[in-house]
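Notes for the one structure printed next.
The values are calculated or read from the model by the stated rules, or taken from the named source; none is laboratory data. Remember, predicted model here, so these are calculated numbers, not experimental data. Ideal geometry is used to build each Cβ from the backbone, glycine not excepted, and the neighbour counts take in all protein chains shown. The accessibility values were calculated without ligands, DNA or RNA, using every heavy atom of the protein model including side chains. Shrake-Rupley method; radii C 1.70, N 1.55, O 1.52, S 1.80 Å.
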Amino acid sequence: MSDTQSPPKPEGMPFLGHALEYARDPIEAIEKFGNKGDIVEVDTPIQSFYLVTGPKMIQEILVKKHERFTIGPAQQESFAGITDNAVNMSTGDDWRRRRKAIRPAFTGDTVEAYRRRMIGEAVESVRAWEHGETFDLHKEMRVFTMRMLTDTLLGIDIRGDEEVVISASDALIDRANLRRVGRYLPDWLPTPTDRRFERSVRQLDEYVDMCIQQRRGESDGEDVCSLLLKAADRGALSEVEVRHNLVGLLLAGTSSPGGSLMHAWRLLDRHPSVLESLREEYDSVVDGDALKPDEVDDLELTQHVLSETLRLYPPTVGVNRMATESVSVGRYEFDEGTQFILPQWVPHRDDRFWEDPESFDPFRWQRDVERPQFSYFPFSGGPRFCPGKKVARQEMVIALAEMVGRVDLDVSVDGDIEFKPSMTLRPATEHVATVKRR
């Protein structure tokens, strides 16, 4: 910082600062630190960063002054070697070129065209569940959404090959674990976690390459891979960029929507009146044996349930940014290289913006309430918002609607909800679901 006036700094431990507290439980630490102000300094022996929880300052970083920031080292380190040439890892002119090239695959009209594929996969997955069957809810939701996503992204049926994506996703989360000693070792000293990561990523790369070659040999398809290959044919993307973007979308789209659906089912299990209202909506909207693409937009309460779930349990611990030049945020001045974490958890539960913020209330989204724009940003925001945001929303709405319309899931949770200390809000608490056919 170049200004003598600095943001508040919570009390920490000698030499360790806030490192132990943050690594032990990032969410608890973020809540505690966030209560100290809209921006606070967090100090560790390795680095310091600023935790930004005030919506106006978040908007400054993500929107108003976005050109003065880039993705932070934490994101770069987590995805290094797996999506180096994808839009989520790009900066400067490369980011602008890649973003422009993949945009046609995620426009409103294009995403709507994916609906029929998503619905077909969702119906098939739910029909395969047997009455009385039990399963690990988080894993099943990940597999469920993965099947929908791979059909949309790659135009394939991944049944039988799900472990290729699951293994790479788990290896990525494990490598980003804040408690992992290997995170702080030199790159030339490989650890078992690093080796598993490299092996899993190599297998996923090979699998996606196979899918790309398969799409190359077929006629035009209505999937993301086909659209990105058209961009490659125009010279807008290289083959490597096509693969890295597909791999990045697969990993993000497998972990986040699956976790959100797990949370949604647990919340619905605890609020049976909301679940009954969802079923009434499904029965009133769906004319036939399954959703039709033009009926999805009429599932308003289903969308509100997911918005509320994402408010209470956002997909990531926070958005990571680094200043590329001297910049002011709020009334403070920061030097080039300063790092910031923008955690959704705190503003999403701030009673300045949300009435009874800890409560699950999907109907709040039907009420006309004014609140700052960045009091809610589950998929980040500004020009660098998640490119797959619309696909993920469609995927979750369709998945939840088809599940609610066909089955009930009794959810048993082993203790209080806890999370693994990583970049995503990966649950550490076991959720077991029992299927009851409607």
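Applying the set (1) surrounded by fewer than 21 Cβ atoms within 10 Å (Cβ to Cβ); (2) assigned to a helix (DSSP H, G or I); (3) of a type outside the set (Lys, Arg) to ALA105 leaves exactly one unmet item: (1). Being of a type outside the set (D, E, K, R) and open to solvent by 30 Å² or more (accessible area, probe 1.4 Å) is the requirement here; does PRO362 meet it? For PRO362, the condition - of a type outside the set (D, E, K, R) and open to solvent by 30 Å² or more (accessible area, probe 1.4 Å) - is not met. Can you say whether ARG349 is within 17 Å of the chain's Cα centre (by Cα), surrounded by fewer than 21 Cβ atoms within 10 Å (Cβ to Cβ) and among the basic types (Lys, Arg), as far as the supplied structure shows? No; evaluated as a whole, the condition is false for this residue. Could you say whether any residue in segment 265-273 is part of a loop (DSSP other than H, G, I, E, B), modelled with pLDDT of 95 or more and open to solvent by 10 Å² or more (accessible area, probe 1.4 Å)? Yes, some residue in segment 265-273 is part of a loop (DSSP other than H, G, I, E, B), modelled with pLDDT of 95 or more and open to solvent by 10 Å² or more (accessible area, probe 1.4 Å). Condition test on ILE39, is it among the aliphatic types (A, V, I, L, M) and within 20 Å of the chain's Cα centre (by Cα)? The answer is no for ILE39. Residue count for segment 139-169 under the criterion of being assigned to a helix (DSSP H, G or I) and touching a helix residue (DSSP H, G or I) at 6+ places or on another chain (Cβ under 6 Å): the result is 19. Residues in segment 398-415 that are open to solvent by 10 Å² or more (accessible area, probe 1.4 Å) and assigned to a helix (DSSP H, G or I): 2 in all.
Does segment 293-313 contain at least one residue that is in a loop (DSSP other than H, G, I, E, B) and surrounded by fewer than 17 Cβ atoms within 10 Å (Cβ to Cβ)? The answer is no; no qualifying residue exists. Can you tell me how many residues within segment 148-171 are among the small types (Gly, Ala, Ser) and either open to solvent by less than 10 Å² (accessible area, probe 1.4 Å) or in contact with a Gly (Cβ under 6 Å, 6 or more places away or on another chain) (or both)? Residues that pass the stated criteria total 4. Tell me, yes or no, whether segment 341-360 has at least one residue that is closer than 30 Å to LEU291 by Cβ, part of a helix (DSSP H, G or I) and modelled with pLDDT of 95 or more. Looking for residues that are closer than 30 Å to LEU291 by Cβ, part of a helix (DSSP H, G or I) and modelled with pLDDT of 95 or more, one finds at least one in segment 341-360, hence yes.
In segment 285-307, the residues that are under 12 Å from MET396 (Cα atoms) reach residues that are open to solvent by 80 Å² or more (accessible area, probe 1.4 Å) with C-beta atoms within less than 7 angstrom, at least six apart or across chains, in these pairs: HIS304/GLN366. For GLU67, the conditions (1) surrounded by 15 or more Cβ atoms within 10 Å (Cβ to Cβ); (2) assigned to a helix (DSSP H, G or I) all hold with the exception of (1). Residues in segment 423-437 that are open to solvent by 40 Å² or more (accessible area, probe 1.4 Å) and out of contact with any helix residue (DSSP H, G or I) (no Cβ under 6 Å at 6 or more places or on another chain): ALA428, GLU430, VAL432, THR434, LYS436, ARG437.
So that you can scan it fast, the table gives a plain yes or no per residue for (1) touching a strand residue (DSSP E or B) at 6+ places or on another chain (Cβ under 7 Å); (2) open to solvent by 30 Å² or more (accessible area, probe 1.4 Å); (3) part of a helix (DSSP H, G or I):
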position: LYS56; (1), (2), (3): no, yes, yes
position: VAL63; (1), (2), (3): no, yes, yes
position: SER78; (1), (2), (3): no, no, yes
position: ASN85; (1), (2), (3): no, yes, no
position: ASN88; (1), (2), (3): no, yes, yes
position: ASP94; (1), (2), (3): no, yes, yes
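Taking the conditions (1) open to solvent by 20 Å² or more (accessible area, probe 1.4 Å); (2) within 20 Å of PHE79 (Cα to Cα) in turn, ALA323 satisfies each one other than (1).
Within the group LYS420, LYS390, which residue is open to solvent by 50 Å² or more (accessible area, probe 1.4 Å) and within 25 Å of PHE106 (Cα to Cα)? Selected residue: LYS390, the only one of LYS420, LYS390 that is open to solvent by 50 Å² or more (accessible area, probe 1.4 Å) and within 25 Å of PHE106 (Cα to Cα). Residue count for segment 126-147 satisfying the condition of being under 16 Å from the mean Cα position of the chain (by Cα), open to solvent by less than 10 Å² (accessible area, probe 1.4 Å) and among the aliphatic types (A, V, I, L, M): 2. Hey, among ILE46, ILE30, ILE39, which residue is in contact (Cβ under 8 Å) with a residue 60 or more places away in the chain, open to solvent by 30 Å² or more (accessible area, probe 1.4 Å) and among the β-branched types (Val, Ile, Thr)? Among ILE46, ILE30, ILE39, only ILE46 is in contact (Cβ under 8 Å) with a residue 60 or more places away in the chain, open to solvent by 30 Å² or more (accessible area, probe 1.4 Å) and among the β-branched types (Val, Ile, Thr).
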